[in-house]
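Everything below concerns the one structure shown next.
The values are calculated or read from the model by the stated rules, or taken from the named source; none is laboratory data. Since this is a predicted model, take the numbers as computed values, not measurements. All Cβ positions, even for glycine, are placed from backbone atoms using ideal geometry, and neighbour counts span all protein chains on display. Heavy atoms of the whole protein, side chains included, go into the accessibility calculation; ligands, DNA and RNA do not. Shrake-Rupley method; radii C 1.70, N 1.55, O 1.52, S 1.80 Å.
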Amino acid sequence: MEKNDIVYGVHAVTEALAANTGNKLYIQDDLCGKKVDKIKDLAAEKKVSISWTPKKTLQEMTDGAVHQGFVLRVAEFAYTDFEVLLKKAEQEDNPLLLILDGLTDPHNLGSILRTADATNVAGVIIPKHRAVGVTPVVAKTSTGAIEHIPIARVTNLSQTLDKLKEAGFWIFGTDMQGTPSHKWNTAGKLALIIGNEGKGISSNIKKQVDEMISIPMNGHVQSLNASVAAAILMYEVFRNRL
């Protein structure tokens, strides 16, 4: 079984079943209680077959991850076509799109998606190469947000930014030297680029940015975790739009 064809954990399994992406459900054979009944009923309603499986087998299927006794085989994650994502975003007043430039940690991607769902982000764009895609760890960390946020995978980020500019989006990047986030003018259509965990935004992409935004920091550490920085900036836009 391909590792990308499963999701696990109560939240991720429930959301995937509800979104009709489940094919087969594996439940730990000695589990009982309300959670089991709820997920079992949802699987029956969605006509997904159930296999009662020993804990050891579930651990092998998930490479020893915390599965809470539930593993669901799902259809390959369905990325949204970029043009479709753009059309959908343009129907919103002042949409915010998030562009992740070479993020490699699935936990970062998962928690960014979770915050994106909480702050009405219109869509997320990730590169196909040298970056993490939607994996079971991402699905679990996002606690089901992957079922609600359009995620597009593109071959060329630079061309994608050109298309966003043509569509009237302002492109913002994150940098140590930039406009402080509390002075950021968040009016209009925004695309925010979050750089790689270690290297930040790649230099060719930096050239296309309209303005760099920095998060004021007063401690001894030079930078924040990518998902925390992304969250602060998503909330800045969200706050200004409430």
Self-check item: For the range 82-241: accessible area per residue (Å², 1.4 Å)
Solution: 47 Å²
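Once you charge only the Cβ atoms, +1 for Lys and Arg and -1 for Asp and Glu, what is the size of the charge dipole of the range 6-74 about its Cα centre, to the nearest 20 debye?
On the way: 10 positive and 8 negative charges, 25 e Å.
With Lys and Arg at +1 and Asp and Glu at -1, about 120 debye.
In debye to the nearest 20, how big a dipole does the range 61-196 give about its Cα centre with +1 on each Lys and Arg Cβ and -1 on each Asp and Glu Cβ?
Roughly 100 debye for the range 61-196.
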Quiz prompt | Cα-only Debye scattering, the range 82-241: base-10 log of I(q)/I(0) at q = 0.09, 0.12, 0.15 Å⁻¹ | solution = -0.25, -0.45, -0.73
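With both partners inside the range 6-74, how many of the DSSP beta bridges are antiparallel, as a percent to the nearest 5?
Taking every DSSP beta bridge within the range 6-74, about 60 percent pair in antiparallel fashion.
Filter the trypsin sites (Lys or Arg not before Pro) in the range 1-42 to those in DSSP coil with at most 15 other Cβ atoms within 10 Å of their Cβ, and list the result.
The qualifying sites: there are none.
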Self-check item: From phi via Karplus (6.51, -1.76, 1.60), per-residue ³J(HN,Hα) for the range 179-189 in Hz, x at Gly/Pro
Solution: 5, x, 4, 6, 9, 6, 7, 9, 6, x, 8
Quiz item: Hey, what angle do you get for helix 106-118 against the long axis of the chain, alpha-carbon based, 0 to 90 degrees rounded to 10?
Solution: 80 degrees
Quiz item: Could you give the distance between the Cα centres of the range 116-170 and the range 16-61, to the whole Å?
Solution: 29 Å
Self-check item: Charge dipole magnitude, Cβ of K and R +1, D and E -1 - the chain, Cα centre, debye nearest 20
Solution: 180 debye
